[in-house]
1. Give me the Kirkwood hydrodynamic radius of the protein assembly as shown, using the inverse of the mean 1/r over all pairs of distinct Cα atoms, in Å to one decimal.
2. Determine the dipole magnitude for the range C:276-398: charges of +1 sit on the beta-carbon of Lys and Arg, -1 on that of Asp and Glu, nothing else is charged, the reference point is the Cα centre, and the result goes in debye to the nearest 20.
3. Measure nothing fancy, just the Cα-based angle from helix A:108-121's long axis to the longest principal axis of chain A, in degrees from 0 to 90, nearest 10.
4. Taking the dipole about the Cα centre of chain C, with the C-beta of Lys and Arg at +1 and of Asp and Glu at -1, give me whichever of C:383, C:82, C:35 is farthest to the positive side.
5. Under a point spin-label approximation (7 Å from Cα along Cα-to-Cβ), what is the residue C:368-residue D:245 distance to one decimal in nm?
6. Any idea what diffusion coefficient the range C:124-174 gets from Stokes-Einstein, in µm²/s, Kirkwood Rh on alpha carbon pairs, 10 °C, 1.306 mPa s?
7. Report the calculated FRET efficiency for residue B:72 and residue C:342 (r = Cβ-Cβ distance, R0 = 60 Å), to the nearest 0.05.
8. In whole angstrom, and with the biggest value first, how far do the Cα coordinates of chain C range along each principal axis?
Amino acid sequence: GEKFGIGREATKDEVAAWDIDVRPDGTGLPDGSGTVADGEEIFAERCAVCHGDFGEGVDRWPVLAGGQDTLSSDRPVKTIGSYWPYLSTVYDYINRAMPFGEAQSLTPDEVYAITAYLLYMNDVVTDDEFELSKENFTDIHLPNEENFFEDPRPDTATLKDGEPCMSGCKEKVEITMRARVLDVTPDTEDDESGAGSID
Amino acid sequence: GEKFGIGREATKDEVAAWDIDVRPDGTGLPDGSGTVADGEEIFAERCAVCHGDFGEGVDRWPVLAGGQDTLSSDRPVKTIGSYWPYLSTVYDYINRAMPFGEAQSLTPDEVYAITAYLLYMNDVVTDDEFELSKENFTDIHLPNEENFFEDPRPDTATLKDGEPCMSGCKEKVEITMRARVLDVTPDTEDDESGAGSID
Amino acid sequence: LAAAPLAARAAAAEGDPAILEKKDWNQYLGDGVDARPYGHPSEFEADVVRRNVAWLTADPVSSVNFTPLHQLDGIITPNGLCFERHHAGIAEVDPAEHRLMINGLVDRELVFTMQDLMRFPRENRVYFLECAANSGMEWRGAQLNGCQFTHGMIHNVMYTGVPLKYLLEEAGLKTNAKWLLPEGADAAGMTRSVPLQKALDDCLVAFKMNGEALRPEQGYPIRLAVPGWEGNMWVKWLRRIEVGDEPWHHREETSKYTDLMANGKARRFTWEMDVKSVITNPSPQAPILHDKGFTVLTGLAWSGRGSITRVDVSLDGGRNWRPARIDGPSFDKSAHRFYYEFDWDGSPLLLQSRAIDSEGIVQPTKDALRAVRGTNSIYHNNGIQTWHVKSGGEVENVEVS
Amino acid sequence: LAAAPLAARAAAAEGDPAILEKKDWNQYLGDGVDARPYGHPSEFEADVVRRNVAWLTADPVSSVNFTPLHQLDGIITPNGLCFERHHAGIAEVDPAEHRLMINGLVDRELVFTMQDLMRFPRENRVYFLECAANSGMEWRGAQLNGCQFTHGMIHNVMYTGVPLKYLLEEAGLKTNAKWLLPEGADAAGMTRSVPLQKALDDCLVAFKMNGEALRPEQGYPIRLAVPGWEGNMWVKWLRRIEVGDEPWHHREETSKYTDLMANGKARRFTWEMDVKSVITNPSPQAPILHDKGFTVLTGLAWSGRGSITRVDVSLDGGRNWRPARIDGPSFDKSAHRFYYEFDWDGSPLLLQSRAIDSEGIVQPTKDALRAVRGTNSIYHNNGIQTWHVKSGGEVENVEVS
Ligand code: HEC
Ligand code: HEC
Ligand SMILES: [Ca+2]
Ligand SMILES: [Ca+2]
Ligand SMILES: [Ca+2]
Ligand SMILES: [Ca+2]
Ligand SMILES: [Ca+2]
Ligand SMILES: [Ca+2]
Ligand SMILES: [Co+2]
Ligand SMILES: [Co+2]
């Protein structure tokens, strides 16, 4: 290091204040623990207004539980239980970003408890007396972990597959679909609305 | 013409409405005339508030008369009489841009009269009964016409004069001048002010 | 005639009143140079704005708005119109209170102030930033009627920034360093795992966009630029970079920004934004307003893997193609502007554009994408867009056989 | 400790409160995507504005303000900060009521609406626009203490426009056509004589700047771009182009924009803006804020005759020079960004930059210019600027022997 001589060394306390990230191997987990029952209570108080008492999602707010066996359906429901590969992500994200609008206001014990409750709601643990802690955290695996694989692109044609067709590429062309939402200017009461969402 | 087939032909009236420019050879001058005396009156009414009764300029508004023999001095005064090469420019500019804030409100006769008055104030005509018209316009030449010449640049060094010096280019360096106006942020009452102006 | 009042003269004359009658702006003075210390667009351009679609998200605070591509030209997106995507609203960071920390697998864990960062060598590069979810609404078929909404989660900006490698070298990388975790100072605490190789290659810690300070909604005072890769990785309000030996698999690279295939399996780490193009004019929000005759078709093309070497345009839904004219600068991982001028005979058209990048990857049809990925991907939809121009000049978002 | 209140925890910890104490923006939500349809800079950038100097002119309506070069980087000037120079205030033109007429020595005198103009083929080019009077205050010696004021009558923008030659060809040039007179729709009715050759070479009728519509103060809806030539010729609010066989010698090319020599004679038609550069940082408005150590010097260089091939920097008032690093795009007749990084030992410096263009013209010293032109020129001052850095980092505009 020290090429330019710019900046200063961070203090231990400074790094501790900001270094909150958690990894699948448990790196970054703080000391602490919490039970499903504790989690249920905290969740009802601080999370349910958006996510619903059982993580079912209020209005368009995110659904956090359920959706198992929907991933190859027409309308996949991607939740912690149905989709997320690692439990560490649940801890890390709730700890850094939730409750929405009051980020980083939860104690480690509270986050452990909420995470335990989310495991319970997602049928990953079935014992309602289950306590999640730094110690048993990495023993738990989410059901969909094995279903992620590395990006295999390019998965469509390249010039190596031949020059793209320039003329007479199809016999005939017909319109097969039209825009679902014709009025996109959000200026009237009667605006149409479409399906789907952005993430 | 007609490569793209875009646009339409202008009507005669449309061209007449916008084609107001005047050239040194008199092209573009409208019919009309006006005397020094008429010009004096119009000037007093519509121009003098900024340019002064005799074109001397009020406050920092432009000076329009005088300045003869100042062009090689430290503080040249560039006026119609001292600097401008062509009378057509006077007509054209007043007609298109003056009075400031009421552009293109003068009739041809008024512009001829004001121009006559400006010639008189600048000692280009000395007869106070002089009448300027489309007919005699190009007979009049402004005194500084011959003192303009075509841009002769480059007039400073190029690489053909040799590589620019890279080291030991001077014996010693001393500061010979400092900024006149140190406080350039125009946020206090006591701001300094400098000499010169932009054109 | 010279004495006749103006209105009478104009009435008598033959031609367009816009020419024959004087306008206020031809005669009277406008605002002076002290009126607009920081300028703004003409009042006649009031409809040139970012737009959001209310029903897309639960709340505009974690949502997106869209660049009005159909109202722009050239390759630069003006800062006021760069689409916004944030997960906890716009963080209004005071640069005097902002720090960048580097921690983890480094010799010395460091803290930089903004003034410190200004002392590192800088680079200037034009890059597009495309949200991985751009065109995501269209996976199942034509949805939104306007390129602002189908393709407007992109902007193209000249950044000034410090190459990330200088900051990492200043801290000194441990030999087992392999991954980075950039983290935002916003209330979403945004994080993504970035492979070290990319960081050392071309990532910038950017502090200026198009010459001036980053806008708050784009990460003021600093954001990470991850050229060619999905927009979510360009962490805004960057306050910390941790160096590690493994990826973090955080929320935005597991729950989000993974592509779900038809069989229920999901791709991860699909970072590059593949070759893509869209015709911005004509398009549903920008119909053809003239009768038949010479007309200008224009659009944008880009690739996260390099530059654009060619764009083809079809007027007949992909039966026949002609090379478009690429005009303006061609930079790596930057938007390219293309034009195709033609004589419109007034009959209906099915417009498409197909871009090819410097890696030789050809922009696929939407059906080709669906054949390999299904319709549940949400992200990374770079399929060919079709616009249906009707004989009146009106344009609609369609799909074709 | 986990239960201790935040403030107490922070107080006990060792380090920077900016890190140890949470900020509002780390916790609470900011504005959503519906709040800023057209964005604006951070409130912390409120001092990044165009500034005018009240005593320079009689009235701000015919005056100038200056680009804050010392607060920008890269080569693009954001639209809100492009210096303004107008002769009758900002014309607020309604594009629906705007026309472009071509008359004079053409086969067919034509009128175009804005929609007509949008149907011609377009080009995208980055050009600087420098007022001929930029640095004009400094002919007699160091005046204003800041590069915003000494050099800020310049901006650098990516234009989209129609090559003027297409419009002229559409009208059909008569064989005796030699000169053009572009005319503005503003209350100054701005006109300049432009040789036809330049018009056919690279002039554009521009309608977009940096992607969006021209700003009103820059000629909305259309202006003439006359690349490399003095800014006054870039007629704004362009409404008419007359084709003629002789120049017009109008007010802005006789009374103004002619260079008065020491002997009382004056140059006319000095169109090209010659090779020039300025160090933007450090500079009087942007002192060095850190102690001795590694520092970044940066600046801009440009030439109306081509591109910049080299910039040299001197730290000792021109005794010794080192090549600077040019970074970012190098376009013809566009600003170039240069950097020179060095280890500042904390002692006073006399900073200079010297640019060389692709025609081989070397930026001259101010004294070299005065030797050939005297001090009454007002315009076309491309002399080398000297900044005096004092040991505390403060910077002053000076001249040196
Ligand atoms: C005011 C509404 C609100 C409250 C209260 C709230 N959330 Fe959220 N939650 C959101 C929003 C909005 C998002 C999506 C944020 C984004 O777009 O990045 C979210 C996302 C999440 C996610 C990720 C969902 C996914 O599929 O990626 C989890 C997990 C979560 N919240 C848990 C919680 C927990 C636990 C609490 C309480 C401690 C909580 N939330 C409180 C609104 C809320
Ligand atoms: C309200 C102030 C005002 C009034 C009234 C006014 N002018 Fe001016 N005049 C100006 C200003 C300001 C300029 C410089 C405009 C510019 O910067 O382009 C000017 C410029 C001129 C010039 C060019 C000066 C030069 O050296 O280039 C002439 C000639 C002129 N005015 C004549 C007139 C005449 C004739 C009238 C009346 C019919 C008139 N002015 C009324 C303010 C005024
Ligand atoms: Ca960590
Ligand atoms: Ca509507
Ligand atoms: Ca004419
Ligand atoms: Ca002040
Ligand atoms: Ca990948
Ligand atoms: Ca010349
Ligand atoms: Co996102
Ligand atoms: Co001027």
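1. Its Kirkwood hydrodynamic radius stands at 32.6 Å.
2. Its charge dipole is roughly 420 debye.
3. 50
4. C:383
5. For residue C:368 paired with residue D:245, the spin-label model returns 6.0 nm.
6. This corresponds to a translational diffusion coefficient of 115 µm²/s.
7. That gives a FRET efficiency of 0.45.
8. 87, 58, 39
FYI, it's all coordinate maths here, none of it is from the lab. Small disclaimer: the values here were computed from a predicted structure and weren't measured. Positions of Cβ are generated from backbone atoms using ideal geometry, with glycine treated the same way; all protein chains shown enter the neighbour counts.
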